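Report on the structure given below.
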Amino acid sequence: DAGVIQSPRHEVTEMGQEVTLRCKPISGHNSLFWYRQTMMRGLELLIYFNNNVPIDDSGMPEDRFSAKMPNASFSTLKIQPSEPRDSAVYFCASSGLEYEQYFGPGTRLTVT
Amino acid sequence: EDQVTQSPEALRLQEGESSSLNCSYTVSGLRGLFWYRQDPGKGPEFLFTLYSAGEEKEKERLKATLTKKESFLHITAPKPEDSATYLCAVDLLRGAGGTSYGKLTFGQGTILTVHP
């Protein structure tokens, strides 16, 4: 299995621009998680889905953030408009029935 | 409030010098405790899951143990390639039926550096 796939790996954008991060979970996993990691705040859960349905989005910092999971093999995290404080590494993870989460390589986002 | 605290924040060891990392938790109902390893520039890598007090899991030089209030990650005769950040996380029982969708609460991590 290829593991969790994220794209792009690096994203540099200007403040105010829309950013879309993409994730392909491990085939057969039914839960998908979006995290943000910074030195100051560590690993923060933003939102997670179970069977493509959003279960808890309480970690989404603002209305500028939105996430979708249109099918079992694809999810997006969108930031519109982006701000410099959104700069971080964003991870996607997926899990199956045993709840062991497997993480992707992350997307390093820099907003200037 | 559910809390996960890891100590120490950073640990520097000489190659071969065994030690332990601690993860203490204050939660209402624990379904499982997870250990991850994270190398710079990479996503966390799953190591172990522990479900009940007294349980132990081993992998190469690592052994994880669990009590009712904390978990330890023991590193025996570490090598420089064991240098990484080690994260623990808890999965809680939720809702009237104890349903857990696998939402993890992570600690801040311990940065381990092993010098040759």
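Measure off 7 Å from each Cα along the Cα-to-Cβ vector at B:His74 and B:Ser28, then give the distance between these two points in nanometres to one decimal.
Distance between the two pseudo-spin positions: 3.4 nm.
Test of understanding: what is the full-extension gain from B:Gln108 to B:Glu9, defined as 0.36 nm times their sequence separation minus their Cα-Cα distance?
34.9 nm is the gain from fully extending B:Gln108 to B:Glu9.
Report the Cα-based extents of chain A along its three principal axes, largest first, to the nearest Å.
39, 26, 26
How much of the calculated P(r) for chain B lies past 17 Å, in percent of all Cα pairs?
In whole percent, the share of Cα-Cα pairs in chain B beyond 17 Å is 53.
With the calculation restricted to Cα positions, what are the radius of gyration and Dmax of the protein assembly as shown in angstrom?
Over the protein assembly as shown's Cα set, Rg and Dmax evaluate to 17.8, 52 Å.
Under a point spin-label approximation (7 Å from Cα along Cα-to-Cβ), what is the A:Phe74-A:Ile5 distance to one decimal in nm?
For A:Phe74 paired with A:Ile5, the spin-label model returns 1.2 nm.
Excluding ligands, DNA and RNA, what is the solvent-accessible area per residue of the protein assembly as shown at a probe of 1.4 Å, expressed in Å²?
49 Å²
Once label points are set 7 Å from the Cα along Cα→Cβ at both A:Asn52 and A:Leu97, what is their separation, rounded to one decimal in nm?
My value for the distance between the label points is 2.1 nm.
Go through B:Leu93, B:Thr5, B:Ile75 and say which Cα lies farthest out towards the positive end of the charge dipole of the range B:1-96; charges sit on Cβ, +1 for Lys and Arg, -1 for Asp and Glu.
The residue sitting most towards the positive pole is B:Leu93.
Please work out the FRET efficiency for the pair B:Ala53 and A:Ser27, using the Cβ-Cβ distance as r and a Förster radius of 45 Å; give the result to the nearest 0.05.
After rounding to 0.05, the efficiency reads 0.85.
Which of the listed residues, A:Pro61, A:Ser27, A:Asn51, is farthest toward the dipole's positive end in chain A, when Lys, Arg count +1 and Asp, Glu count -1 at the beta-carbon?
Going by the Cα projections, it comes out as A:Ser27.
For B:Lys68, list the lysines whose Cα falls under 25 Å from its own Cα; do not include residues on the same chain fewer than 8 positions away.
Leaving aside lysines fewer than 8 places away in the same chain, those within reach of B:Lys68 are B:Lys57, B:Lys59, B:Lys103.
Using unit Cβ charges (K, R positive; D, E negative) and no other charged atoms, how large, in debye to the nearest 20, is the dipole of chain A about its Cα centre?
Magnitude of the dipole: close to 220 debye.
With a 1.4 Å probe on protein heavy atoms only, work out how much accessible surface A and B bury together, total over both chains, in Å² to the nearest 100.
The A and B chains share an interface burying roughly 1700 Å².
The values are calculated or read from the model by the stated rules, or taken from the named source; none is laboratory data. Quick caveat, the model's predicted, so the values are computed rather than measured. Cβ coordinates were reconstructed from backbone atoms using ideal geometry, including for glycine residues, and neighbour counts include every protein chain displayed. Accessible surface areas use protein heavy atoms only, side chains included; no ligands, DNA or RNA. Shrake-Rupley method; radii C 1.70, N 1.55, O 1.52, S 1.80 Å.
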